[in-house]
Number of protein chains: 2
Amino acid sequence: MTITIKDIAHKAGISTASVSRILTNRGRFSEDTAQRVRELANELGYFKNQSAADLSQKASRVIGVLVPITHTNFADEIIKGMQHKAYELGYELLIAFVETNSQQQTETVKSLLSRQLLAVVMLALDIEDAVFDILKSANVTLLSVSNQLNNDIPSISSDNYAMMHTIVDYLYDHGHRQIALIGSSDADPIVAILRRQGYIDALASHDITYNPDFIWGVEMTYQTGIEAIKKFGLPLPFTAVIGSADIISIGLLNGARDAGISVPNDLSIVTVDGTELTQLTRPVLTAAQQNFTKMGELAISNLANNSLSSHSVIFTDITFIPGGTVTTIA
Amino acid sequence: MTITIKDIAHKAGISTASVSRILTNRGRFSEDTAQRVRELANELGYFKNQSAADLSQKASRVIGVLVPITHTNFADEIIKGMQHKAYELGYELLIAFVETNSQQQTETVKSLLSRQLLAVVMLALDIEDAVFDILKSANVTLLSVSNQLNNDIPSISSDNYAMMHTIVDYLYDHGHRQIALIGSSDADPIVAILRRQGYIDALASHDITYNPDFIWGVEMTYQTGIEAIKKFGLPLPFTAVIGSADIISIGLLNGARDAGISVPNDLSIVTVDGTELTQLTRPVLTAAQQNFTKMGELAISNLANNSLSSHSVIFTDITFIPGGTVTTIA
DNA sequence: AATAATTGCGTAAACGTTTACTCAAAATAT
DNA sequence: ATATTTTGAGTAAACGTTTACGCAATTATT
């Protein structure tokens with residue numbers, strides 16, 4: 001009992017082709033009939049059957065988005081940016097949350113791909129090989145946002161290497177010489193490698209040889225921050241620490257507090273990300289803020305005008321937020 | 001150049017009907033041919049065209065989910081629960097983030113509806129009339145999760161009325177008589193009404209006449225918490241306060257801190273929601289924790305077996321987390 | 001007024017899958 | 001050995017939309 005263009009065509013005494021042309025605003029038709037058809041559509045409560053449309057036109061305006069279900073508090077901001085631009089340009093977003101569980105991940109991706117997609121955007125996702133193979137075999141445009149991947153996949157992210165220079169320089173200017181980096185010790189995600197290298201090179205540019213012990217922690221979790229403080233013990237061997245994600249930095253802050261370390265008097269903290277979370281602590285976190293919304297917008301607009309070559313790397317700007325967790329030392 | 005079942009049928013020397021039966025595991029076929037077909041499908045890199053399938057079978061296994069884009073930190077948990085159950089039962093989730101902007105909201109909902117959906121689930125969403133009309137005219141099953149709506153729409157949520165009793169009783173048992181409620185003052189969302197009434201009735205059951213001034217704040221934001229403390233000024237006219245969302249409670253906590261009020265010594269706080277956010281503060285927040293994951297699971301399983309009558313109200317359990325923001329007073 | 005260009009709309013095929021009917025062959029029952 | 005049931009698979013229509021093509025009617029050009 002659903003209303004189709006056939007019903008509209010019948011009532012209007014014209015062909016389905018005309019109705020289709022009018023409703024999609026393509027091809028030729030008179031404004032008179034158009035008026036009538038649009039009214040009828042409204043009156044009858046017509047809803048386009050997008051499946052039929054997708055089937056008919058081989059191309060689609062649907063962009064699939066893979067979001068890690070592990071709580072990343074910035075995914076929302078990226079999605080917001082994408083949604084905004086997608087709406088503006090007439091695209092549709094099909095968002096799928098994926099577990100870390102590989103089995104379910106492949107299922108989800110397969111079902112995503114069974115809609116014909118314009119592209120698949122991966123948010124802050126370190127993709128598993130199995131999943132990557134599926135995506136590749138489906139021959140769909142891929143784009144990684146807020147993360148850089150090795151596999152020739154175009155990406156939109158912050159310049160993680162340069163960002164660490166900004167942070168280290170800032171701390172150096174405030175007198176800090178012993179600086180730790182928490183949450184980017186692992187070899188795997190490219191972002192970690194870039195940040196680590198940026199950190200090391202920035203220190204070197206100030207004639208400081210980095211201390212390998214000062215790079216610690218793999219997971220981007222609250223617990224990593226908490227444990228980092230415990231691990232180094234009192235007195236802390238450094239005067240400043242960089243948390244590689246807001247949630248880590250909050251862990252560092254609370255860990256310090258629990259250990260009787262005063263921030264920023266006894267320990268300075270700079271966080272990477274700069275989401276709203278940084279406003280919830282006391283003192284408010286000093287942050288290198290990533291422009292997540294912008295990333296989302298760029299993702300859609302670049303996909304829209306098809307301007308991504310397989311190796312494109314697009315950087316968005318970083319804003320340094322002074323906050324209250326860095327102090328100047330002698 | 002996409003692979004269809006026609007290609008597979010041709011290579012296997014059988015009809016598309018057989019291929020379809022095998023791939024969907026419906027109807028009759030021999031295990032021999034099935035084997036061959038499945039291998040071919042793999043080999044050729046076949047992906048089902050879900051649009052064609054949807055068009056052919058009028059029913060679908062897609063459930064639309066409307067999520068408010070304003071950062072609610074518990075939406076993730078509900079989605080996680082839904083995703084989990086949906087995967088288990090073979091359903092697909094189509095998630096759409098909606099802005100508060102009504103114009104875009106209707107667009108988004110319309111495009112959601114143009115896929116044939118089994119149902120639309122609204123997360124913590126106070127739906128606009130215009131949008132509700134569209135949904136109603138589309139004649140699709142509706143379900144509200146974590147929120148109760150007036151319009152005959154089935155819902156899955158906590159028992160917000162009873163929850164306030166639990167909280168008030170707890171505070172009363174710890175000696176508190178002057179208790180404020182922040183963030184549920186407005187008339188609009190049913191949840192606010194229920195919480196307010198629960199709060200008033202719970203106080204009454206202890207022979208306390210509630211003070212209308214103690215119910216304050218509409219928006220579920222950090223700023224509401226911050227401003228609440230400012231509004232009441234020092235000394236605070238109450239010894240305990242209930243924050244109607246974690247983010248409000250963190251505002252209350254920081255607002256108190258900024259005003260030199262010690263929590264819990266000078267002010268006790270109980271928060272509603274109990275997401276991970278409560279772990280990030282010092283002290284850790286005392287919370288009436290809602291079971292969001294369960295809500296999500298119930299949403300899907302109830303839709304799956306079609307057991308929702310238009311007035312069903314399903315409650316999930318509440319867990320009281322003692323935390324560290326309530327103290328006993330004389 | 002004759003010719004050319006444009007406009008509005010209909011016809012019919014196509015998109016890829018599913019499924020109600022058939023029907024012959026194979027298996028089982030009598 | 002015949003009758004009955006079961007099995008495997010093919011035929012063809014259907015789902016709702018889009019679009020290439022064609023043609024008559026209208027409008028513009030000379």
All conditions in (1) at the interface with another protein chain (Cβ under 7 Å from one of its Cβ atoms); (2) part of a loop (DSSP other than H, G, I, E, B); (3) not polar (S, T, N, Q) are true of B:Ala59 except (1)
Across (1) away from DNA strand D (no atom under 15 Å from the Cβ); (2) part of a helix (DSSP H, G or I), A:Leu66 clears everything bar (2)
Of (1) among the aromatic types (Phe, Trp, Tyr); (2) under 19 Å from A:Leu118 (Cα atoms); (3) at pLDDT 85 or above; (4) within 15 Å of the chain's Cα centre (by Cα), A:Tyr91 satisfies every one except (4)
With the first residue restricted to region B:6-21 and required to be among the hydroxyl-bearing types (Ser, Thr, Tyr), and the second required to be more than 7 Å from DNA strand C (Cβ to nearest atom) and assigned to a loop (DSSP other than H, G, I, E, B), Cβ contacts under 8 Å at 6 or more apart or on different chains are B:Ser18/B:Phe29
Picked from region B:265-275 (must be in contact (Cβ under 8 Å) with a residue 60 or more places away in the chain and not aliphatic (A, V, I, L, M)), the residue farthest from the other protein chains (Cβ to nearest Cβ) is B:Ser268
Taking region A:1-14 and keeping residues open to solvent by 60 Å² or more (accessible area, probe 1.4 Å) and within 8 Å of DNA strand C (Cβ to nearest atom) leaves A:Gly13
Going through region B:69-88 in order, the residues found to be closer than 26 Å to B:Ser249 by Cβ, in a helix (DSSP H, G or I) and either at the interface with chain A (Cβ under 7 Å from one of its Cβ atoms) or at pLDDT below 85 (or both) are B:Asp76, B:Ile79, B:Lys80
Of the candidates A:Asn73, A:Asn42, A:Asn25, A:Asn49, the one satisfying the condition of being open to solvent by 30 Å² or more (accessible area, probe 1.4 Å) and closer than 23 Å to B:Val67 by Cα is A:Asn49
Flag if B:Thr293 is farther than 21 Å from B:Ile318 by Cα and among the hydroxyl-bearing types (Ser, Thr, Tyr): no
Reported set for region A:185-239 where residues are touching a residue at least 60 places away in the same chain (Cβ under 8 Å) and either open to solvent by less than 50 Å² (accessible area, probe 1.4 Å) or more than 21 Å from the chain's Cα centre (by Cα) (or both) is A:Pro189, A:Arg195, A:Phe238, A:Thr239
- Query: Hey, any hits in region A:108-127 for a residue that's modelled with pLDDT under 85 and among the acidic types (Asp, Glu)?
  - Reply: yes
Of the residues in region A:273-328, those that are exposed (fewer than 15 other Cβ atoms within 10 Å of the Cβ) and outside any loop (DSSP other than H, G, I, E, B) come to A:Val313, A:Thr319
By residue number, the members of region B:100-115 that are open to solvent by less than 40 Å² (accessible area, probe 1.4 Å) and either charged (D, E, K, R) or not in a helix (DSSP H, G or I) (or both) are B:Ser114, B:Arg115
Checked pairs for region B:60-85, first under 17 Å from B:Thr275 (Cα atoms), second surrounded by fewer than 21 Cβ atoms within 10 Å (Cβ to Cβ) and of a type in the set (D, E, K, R), C-beta under 8 Å and 6 or more apart or across chains, list as B:His71/A:Glu276; B:Asn73/B:Glu276; B:Gly81/B:Lys294
When every residue in region A:27-40 that is away from DNA strand C (no atom under 11 Å from the Cβ) and free of Cβ contacts under 8 Å to residues at least 24 places away in the same chain is compared, the one nearest to the chain's Cα centre (by Cα) is A:Arg38
Query raised in the report: among the acidic types (Asp, Glu) and more than 8 Å from DNA strand D (Cβ to nearest atom), is that true of B:Asp32?
Result: no
Listed by first then second residue, the pairs whose first member lies in region B:127-153 and is outside the structural domain of B:Gln103 (by TED's automatic domain parsing) and touching a residue at least 24 places away in the same chain (Cβ under 8 Å), whose partner is among the basic types (Lys, Arg) and exposed (fewer than 14 other Cβ atoms within 10 Å of the Cβ), with beta carbons under 6 Å and at least 6 positions apart or on separate chains, are none
Scanning region B:276-326 for residues that are of a type in the set (A, V, I, L, M, F, W, C) and within 14 Å of chain A (Cβ to nearest Cβ), the one farthest from A:Ile248 (Cα to Cα) turns out to be B:Ile300
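The values are calculated or read from the model by the stated rules, or taken from the named source; none is laboratory data. The structure displayed is predicted, hence computed values, not measured ones. A quick note on method: Cβ atoms are made from the backbone with ideal geometry, for glycine too, and the neighbour counts reach across all protein chains shown. Side chains included, ligands, DNA and RNA excluded: accessible areas come from the protein's heavy atoms. Shrake-Rupley method; radii C 1.70, N 1.55, O 1.52, S 1.80 Å.
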